[in-house]
Amino acid sequence: MARKIYAYGMDGFITPMMKKFAAEGCLPNFERMLKEGVVNQTFPSFPVWTPTNWATLSTGAHTGTHGVTRWRVELAPEERIDSFDGRAPNAERIWNALERAGLKSVAVHYPAAHPSGIKSGFVVDGFGHPSYARTDYEVAACQAYTTAGVESTLEMDHDGTAVRQAQSSITSIPPLRPAEGWSNLPESQSPPLESSLEIHARLGGDVTTFHLLALDDRGSGYDSLLICRKKDGTSRIARAATGAWSDWAIETFRMEGRDQRACVRFKLLELSPDGGCLKLYRTQVTYADGFTTPHGLAGDLIERFGPYQEHASMVPYTSGMADFDTALEECEYQGLWFADVANYMLREKGCAFFICHWHLYDYLNHIHLNDVDPVCPGYNPANADRALDYFRRAYQVGDRILGRIYEAADENTCVGILADHGASPDVRVANIRKFLHDRGFTVLKHSAQGVERDQVLETDIDWEKTTAYLKDDKGFDIFINAEPGEAFDKIERELLLALRTWIDEGVGRTPVAIALPKRDAYLLGQWGDQCGDVIFAWDHGYVSGYYGQWKGIVGGAAVGAPEVYGAHHGGFIPTQSDISSSFGSFLLSGPGLKKGYERPSRTLGYIHAADVVPTFCHILGVSPPAQSQGTIAYDLFEGHEMVRRREA
């Protein structure tokens, strides 16, 4: 019988942390993987970013070849697209190779999977962006409502790359008051109270209003809430008890002047018995159609497994909208939904390959990894146990997901977990744009702002005086503002010397581990049309580009300690400690694979992220994608040994 593969992508998954919790006995399915499968950390593509490495894990190509070097890809001068757009990777993907061999695949919430170029396979939400309010498949991002007053807040992407004024994360609604003008009021031991809320569509300014009705079900005070279309008890779309979720509702919302069917549910976080305080959390309002290829698949999946929730993250927790438990519950719903879809597509829809992207661990790493790893100078033992339990519970969710896949897998199916990268706690942070500005390479216009936050826009650059600069994206490569020739060569020499001799005076270290001209950048997997003129990699413990979280550098220099510690990944050499790791992960069990095997990296090196796709294709018996450059990890298979000894 033909083999099949589950390749469940868990963004930010850290293998050493999983092993720690498995040793405690609280991850039975990962324990099974450790005993019955191969468990390896992978050397990720440089730079160690989300879009870059999910591109590698779908193409088998190195960064320079697939071209997803940053969070935006330049198709042509002045034309840049999001790296989560399917046009961004300039290489064939595994689903294309499988289709050419007559096999069907399904990609769920996978970065840059739409457009996919497939005709017979399946895609569920081929955008897969991890950030808040960044999808085409939502009417509105998640929101919380309260009858208490709130202040306007700033929303930011989960990785701090873009801070922008947005709708307040908690919206004030009218206080509860005696219900008036209602028909068909349900039974209540106390007089029903009413309020209302508005859902603003992300496009077009359309507003959908819902009416709220607080009820006393047991005679001990108000304890449940109805969400209704009109002031009519029979127009109810959802009902929630205090501390509990409502059922999902599929309703019609106005958006850009048109009707859009979408899914939503609510959690009643707080309702005081006297009705004096109400706090209600609302999920993202996600499309009920149009998010799959082919289109009809969406209705089939919703009917079988419930609504699709595109964005499930720690944003409700970090923004104050909801507590940690609520955010984790949403992530679990999404993760198990992905697993159910995987089982259905492989068992009933003829697919040989499933791949997805689930983002829980990356969110949690950015927020709390610094709280659990003493490597971070900001580590506080008083916070460690609470934060570590957050991770433990999150990995238990991943364990339940793995268990659901194991339940459905037969003897011809390989079960795998992939991670693009992990994360490492901040030790020192660097502001490369300030460094270039202070050294005179980048000169700004007088009105320019943002250099202190490493957020210089290209429109703020004085091009007459600038010799070298970064594009306005998270950067690891520098462009020289000169045509090839003597002037270019002089700038290149000066720039390389400045980077290689830059000293972090506070600790007596060089922040830059590697600085290379483009002609030598192949050492970091860099070439092609997206590659800058000078490529650099930060040394262990240094990271840049997340100033929305750091708030700045203590003392205002271009390198130093952050004002607020966190944990990150990016343009640095991957590193690890006993509990943290910025390496990727590749876990796989099934027919023909060794049991309890991990490649000894100190003697044989790491499996590269580019090796994953060729290894999958080897299992399925097909040729890898056209631009694939990785190799088959033969040592993962029974009968293939890489052990060698030198003759005396």
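Structure summary
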quantity	calculated
Accessible-area composition of the chain, carbon plus sulfur, in percent [1.4 Å probe]	48
Trypsin sites (Lys or Arg not before Pro) lying in DSSP loop within segment 553-608, provided at most 16 other Cβ fall within 10 Å	Lys595
Point-to-point label distance, Asn380-His446, nm (Cα→Cβ direction, 7 Å offset)	4.4
Of the DSSP H helices in the chain, those whose Cα atoms cover at least 30 Å axially and whose Kyte score averages -1.0 or more	324-348, 381-408
Nearest-20 debye value, segment 24-142 charge dipole, Cβ charges on Lys, Arg, Asp, Glu	280
Dipole-positive endmost among Ser58, Leu328, Gly204 within the chain (Cβ charges, Cα centre)	Ser58
In segment 461-512, the GluC sites (Glu not before Pro) that fall in loop regions by DSSP, at most 11 other Cβ within 10 Å	Glu464, Glu505
Trypsin sites (Lys or Arg not before Pro) restricted to segment 163-248 and DSSP loop, no more than 12 other C-beta within 10 Å	Arg218
Cross-link pairs Lys267/Lys551; Lys35/Lys349; Lys20/Lys551; Lys19/Lys551; Lys231/Lys267; Lys230/Lys279 - those with Cα-Cα distance over 23 Å	Lys267/Lys551; Lys35/Lys349; Lys20/Lys551; Lys19/Lys551
Segment 455-501 - Rg over Rh from alpha carbon coordinates, Kirkwood radius	0.97
Cα pair distances exceeding 27 angstrom across segment 390-545, given as percent	40
Proximal charge balance of Thr208 [Cβ under 10 Å; K/R count +1, D/E count -1]	-1
Rg to Rh, two decimals, where segment 45-135 supplies the alpha carbon set and Rh follows Kirkwood	0.96
Cα centroid separation - segment 363-417 against segment 201-263, whole Å	34
Net charge dipole size for segment 214-258 [Lys, Arg +1 and Asp, Glu -1 on Cβ; Debye, nearest 20]	240
Solvent-accessible heavy-atom area per residue, rounded to whole Å², over segment 297-342 at 1.4 Å	25
The chain - convex hull of alpha carbons, volume per residue in Å³	185
Rg followed by Dmax, in Å, when segment 1-159 is reduced to its Cα trace	19.0, 62
Equivalent ellipsoid, segment 208-319 (semi-axes from 5 times Cα gyration tensor eigenvalues, Å)	28, 16, 13
Charged-residue dipole, Cβ positions (Lys, Arg, Asp, Glu), the chain about Cα centre, Debye nearest 20	1060
Segment 296-404 pair-distance distribution - Cα-Cα, 5 Å bins, rounded %	2, 11, 19, 20, 16, 12, 8, 5, 4, 2, 0
Positive-end extreme of charge dipole, the chain - chosen from Val38, Leu593, Thr15 (charges on Cβ)	Leu593
At q = 0.17 Å⁻¹, base-10 log of I(q)/I(0) for segment 372-472 (Debye sum, equal scatterers on each alpha carbon)	-0.85
Percent of Cα pairs exceeding the 23 Å cut-off, where the set is segment 472-624	53
Charge tally in the Cβ shell below 9 Å around Ser120, where Lys, Arg are +1 and Asp, Glu are -1, Ser120 excluded	+1
Local net charge near Lys19, Cβ-Cβ under 11 Å (Lys/Arg +1, Asp/Glu -1)	-3
Farthest toward positive dipole pole in the chain [+1 Lys/Arg, -1 Asp/Glu at C-beta], among Pro374, Gly584, Val643	Val643
Inter-probe distance in nm under a simple model that places probes 7 Å from Cα toward Cβ, at Cys26 and Ala148	2.9
Accessible area of segment 417-468 divided out per residue, in Å², using a probe of 1.4 angstrom	43
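The values are calculated or read from the model by the stated rules, or taken from the named source; none is laboratory data. What you see is a predicted model; the values in this text were computed from it and never measured. Reconstructed Cβ throughout: ideal geometry from the backbone, glycine too, with neighbour counts over all protein chains shown. For the accessible areas, the whole protein counts, side chains as well, though only heavy atoms, and no ligand, DNA or RNA atoms are used. Shrake-Rupley method; radii C 1.70, N 1.55, O 1.52, S 1.80 Å.
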